[in-house]
1. State which residue is farthest from the other protein chains (Cβ to nearest Cβ) when the search covers only the range A:362-372 and only residues that are assigned to a strand (DSSP E or B) and modelled with pLDDT of 90 or more.
2. For B:Val92, state whether it is assigned to a loop (DSSP other than H, G, I, E, B) and touching a residue at least 40 places away in the same chain (Cβ under 8 Å).
3. What pairs come up if the first residue lies in the range B:157-182 and is under 22 Å from B:Lys131 (Cβ atoms) and in contact (Cβ under 8 Å) with a residue 24 or more places away in the chain, the second is of a type in the set (Gly, Ala, Ser) and buried (at least 22 other Cβ atoms within 10 Å of the Cβ), and their beta carbons are under 6 Å apart, counting only those six or more places apart or on different chains?
4. Tell me, which helices (runs of 4 or more DSSP H) wholly within the range A:243-361 include 2 or more residues that are free of Cβ contacts under 8 Å to residues at least 40 places away in the same chain and within 14 Å of chain B (Cβ to nearest Cβ)?
5. Cβ-Cβ under 9 Å, sequence separation 6+ or interchain: first residue in the range B:69-87 and at the interface with chain A (Cβ under 9 Å from one of its Cβ atoms) and closer than 15 Å to A:Thr271 by Cβ, partner of a type in the set (Ser, Thr, Tyr) and not in a helix (DSSP H, G or I). Which pairs?
6. Could you list, in sequence order, all residues of the range B:35-68 that are among the aliphatic types (A, V, I, L, M), within 30 Å of B:Thr113 (Cα to Cα) and either more than 9 Å from chain A (Cβ to nearest Cβ) or touching a Leu at 6+ places or on another chain (Cβ under 8 Å) (or both)?
7. Here is a list of conditions, (1) more than 7 Å from chain B (Cβ to nearest Cβ); (2) under 25 Å from A:Leu279 (Cβ atoms); (3) small (Gly, Ala, Ser); (4) in contact (Cβ under 8 Å) with a residue 60 or more places away in the chain, and A:Ala375 meets all of them except one; can you say which number that is?
8. Can you pull out every residue in the range B:151-165 that is surrounded by 21 or more Cβ atoms within 10 Å (Cβ to Cβ) and outside any strand (DSSP E or B)?
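The values are calculated or read from the model by the stated rules, or taken from the named source; none is laboratory data. All values reported here derive from a predicted model rather than from experimental measurement. Note that each Cβ is placed from the backbone with ideal geometry, even for glycine, and that neighbours are counted across all protein chains shown.
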Amino acid sequence: MADSPGRPDGTDDEDQDVLIGEEPGASVHPMLATEDSYEELDYDLNIEAPITEQRERLASGTIASIVEEHTGPASAEEVGTEATELENDVERSSLEGDLSNLQISEEVTQRRADTVPDRQDVPNDTDEEVLQNREAGQREIKDEDIHSSVWRDHKKHVFILSEAGKPIYSRYGNEDKLVSLMGVMQALISFVQDGKNNLRSIVAGGRTFVFLVRPPLILVAVCRTHESQQQLLLQLTYVYNQVLSVLTYSQLSRVLETRKNYDLRRLLGGTEKFLDNLLNLIDQDPSFLLTAVRCLPLDSTVRDTIGHSIQSAKIKDLVFAILIADNQLVTLCRMKKYILHPADLHLVFNLLNASTSFQAADSWIPICLPKFDSAGFLHAHISYLDNSKACLLLLTVDKMMFFELAKCKEKIVEKLKKHHCIEAINRAVAGGGYRCLEVGISDLRHFIYKSKSTAQFTAPELEAPYREKEERARLFNMYQYVHQRVHNAARPLKIMFHVGSREAMLGWVTTGFELYAVFGPLATKQVAILAVNKLLKWIKKEEYRLFILDPPEF
Amino acid sequence: MAGPPTPRMKALEAKVVVLGKEGVGKTSLVVRYVGKIFSKNVSPTVGASFFTFKMTVDNHRVKLMVWDTAGQERFRSMAPMYYRKANAAFLVYDITQYSTFENMKTWVDELKTATDTPMVLCVLGNKCDLKDQRKVQSDEALMYAASIGALFFETSALTNEGVQEAFLRLSLALISLSKSAPNCGLITKDYDARRKSEDFLSFPPSLLLLREQIKEEEEKEEEEKKVGRCC
């Protein structure tokens with residue numbers, strides 16, 4: 001495998017100048033939060049306990065303020081903005097404070113390939129501790145796994161345990177049987193914490209162990225894929241968010257604060273299915289990797305009509321209306337002041353993806369969107385529209401509003417039917433996206449383009465040679481690899497060209513977009529760069545079909 | 001089913017809530033009745049699902065609005081929303097698990113303390129096709145149902161045993177309740193024959209998807225049987 005981590009070459013900068021704010025899929029009206037999730041992750045990781053509380057208190061304003069706005073004085077809004085500002089300040093200072101720590105850990109990750117395989121990137125840790133941790137971790141896992149090599153050989157294990165070391169979830173196997181293993185995980189973490197340090201990851205035995213401590217929970221990923229520590233941490237964060245979406249942070253912390261030994265599985269009953277599904281999606285869906293949302297390619301006039309239909313059915317306290325078909329976003333209508341974070345939207349996608357129970361009848365469920373407000377539930381009216389693949393979610397803050405929302409949905413369906421929008425959505429879903437051939441670049445096999453300003457991405461259907469499941473998985477791993485290289489915090493790259501034995505990949509990141517393109521193995525860098533420039537022009541031409549650029553508001 | 005509409009036909013609207021522990025088959029029962037199908041892998045209900053359907057019983061056009069609730073403990077705090085103003089409740093347990101029977105009793109106690117209007121209660125012992133694994137005896141359940149003045153049936157969503165009867169009897173009980181207790185919150189109106197509708201509003205469109213899925217699954221299974229086990 002020849003690998004040439006490219007330096008930004010001349011054409012790159014030129015294009016960037018031309019393209020700023022004009023890149024395909026750019027919009028000044030974002031409906032999704034667009035913060036870089038990796039920066040955010042670092043911030044989240046570095047907050048100290050008191051700040052967590054503070055942040056939680058501040059964030060809890062969102063749902064409360066919507067309620068208040070409709071019932072009482074308008075002062076809630078002011079408090080809301082103040083809270084955001086404060087939060088930003090906290091973020092900035094904590095980022096600066098821990099910058100040095102971060103860099104150390106990144107470097108360690110970098111070096112891990114060519115140093116001793118067992119390297120632990122806890123800054124300022126003593127060698128003795130490292131040694132103990134490593135031994136304990138390895139021995140325990142081997143003991144546990146003698147029974148089944150299949151279990152041991154799973155590519156990615158994910159565990160959730162409480163701070164007291166009680167098992168909550170294991171991706172594979174029965175978590176009951178893993179009590180002792182989880183006990184060790186907990187011991188590792190508290191041992192390092194005792195020395196006023198945080199255990200981030202261990203690399204040992206060809207596996208990466210990544211730890212995410214989110215009091216009162218501990219999440220652990222054990223993985224023999226080549227994903228970076230950063231990517232794994234982000235995945236654990238998704239898992240954590242999934243738990244919050246079921247319980248809310250307030251309930252979670254209250255329960256485990258009052259009874260440290262509480263068996264959280266009692267409250268999480270039925271959630272395993274969603275966690276399993278989430279982890280499977282993470283391993284195959286680029287939206288999690290990119291923290292972006294995929295839109296259903298749709299004629300812009302149809303999309304506008306759908307937007308207007310939803311808009312016109314507005315009722316009080318309806319915060320978000322989300323129309324989803326086939327795991328892709330059709331449209332999202334929101335209350336003017338509130339935007340949704342892609343991570344929250346991913347939870348919604350996962351919810352629909354994991355359960356068939358919504359197809360049988362209209363549902364009414366409480367759901368916490370942790371980025372929106374981790375302290376409380378939104379209530380969602382979920383219905384599949386008129387025997388189609390299109391699913392409408394109406395999110396509100398009032399738990400008694402089911403029947404109002406059911407009426408609202410009827411109105412929307414009526415309008416959509418009148419304008420034949422449901423057929424249009426069905427056609428778009430049945431058509432299965434667009435083909436890479438449409439772009440008209442002969443050697444281009446596949447690509448993923450993310451518009452940063454809208455947190456949306458687009459990708460064509462996977463075609464030959466990526467029809468087989470294994471090939472798809474391999475391609476996805478390649479994308480993960482290029483992504484991790486260009487996003488490496490210690491040595492970020494603007495553009496990277498990687499030639500493998502079976503394909504060549506180009507990764508290109510600018511302030512406005514991220515583009516990953518796959519070519520045949522014989523493609524040269526020059527050809528690839530010419531091709532992606534052509535590709536960008538094509539995406540620009542199609543941007544109204546591929547992206548939601550003018551999202552409707554209530 | 002629909003008899004000749006007599007001029008004095010009445011229309012009755014009732015809210016029904018289905019309660020019981022997770023996994024006892026609440027959704028399966030409702031889907032069996034509404035959709036005439038049984039799905040082997042029904043997902044656990046999240047929150048609650050809402051079904052409506054109509055039937056003609058005893059010269060009444062009865063519209064049932066059914067809240068099929070989630071059985072998990074974490075949704076328990078949401079339950080009052082669904083049984084508030086309900087006119088009838090299905091209390092479901094699994095005859096192969098005694099704990100679900102005990103759990104069902106706690107629902108009865110909760111309903112007794114939290115609601116003040118009279119309500120039709122119907123105890124359903126589900127999964128009665130699994131006779132060899134039975135843990136809750138019919139007599140015991142029957143005695144209990146009688147002690148709280150509830151209807152009692154043993155049902156199987158798999159074989160459709162007792163399901164039709166349970167819904168039918170519940171509707172009849174609702175009709176007599178509306179006559180005996182005028183202030184029970186049930187609304188009866190003169191039935192407007194012009195707004196005549198099918199018993200099941202044709203087939204609920206949302207269930208078509210499910211039915212298709214079941215077909216697909218069955219086909220897949222058959223294929224798998226042919227091919228043998230893969231992966």
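1. Quick first cut of the range A:362-372, residues assigned to a strand (DSSP E or B) only: A:362-367.
Add one more test, that the residue is modelled with pLDDT of 90 or more, and what stays is A:363-367.
Numbers: A:Ser363: 5, A:Trp364: 5, A:Ile365: 3, A:Pro366: 6, A:Ile367: 8 Å.
So, considering only residues that are assigned to a strand (DSSP E or B) and modelled with pLDDT of 90 or more, the one farthest from the other protein chains (Cβ to nearest Cβ) is A:Ile367.
2. No.
3. Here the result reads B:Ala157/B:Gly25; B:Ala157/B:Ser28, each pair linking the range B:157-182 to a residue that is of a type in the set (Gly, Ala, Ser) and buried (at least 22 other Cβ atoms within 10 Å of the Cβ).
4. A:249-258, A:265-268, A:357-360
5. B:Ala70/B:Thr45; B:Ala70/B:Ser49; B:Gly71/B:Thr45; B:Gln72/A:Thr271; B:Gln72/B:Thr45; B:Arg74/A:Thr271; B:Phe75/B:Thr45; B:Phe75/B:Thr69
6. Once the filter is applied, which keeps residues that are among the aliphatic types (A, V, I, L, M), within 30 Å of B:Thr113 (Cα to Cα) and either more than 9 Å from chain A (Cβ to nearest Cβ) or touching a Leu at 6+ places or on another chain (Cβ under 8 Å) (or both), the range B:35-68 yields B:Val46, B:Val62, B:Leu64, B:Met65.
7. If we test A:Ala375 against (1) more than 7 Å from chain B (Cβ to nearest Cβ); (2) under 25 Å from A:Leu279 (Cβ atoms); (3) small (Gly, Ala, Ser); (4) in contact (Cβ under 8 Å) with a residue 60 or more places away in the chain, just (2) comes out false.
8. Matches in the range B:151-165: B:Thr155, B:Ala157, B:Val163.
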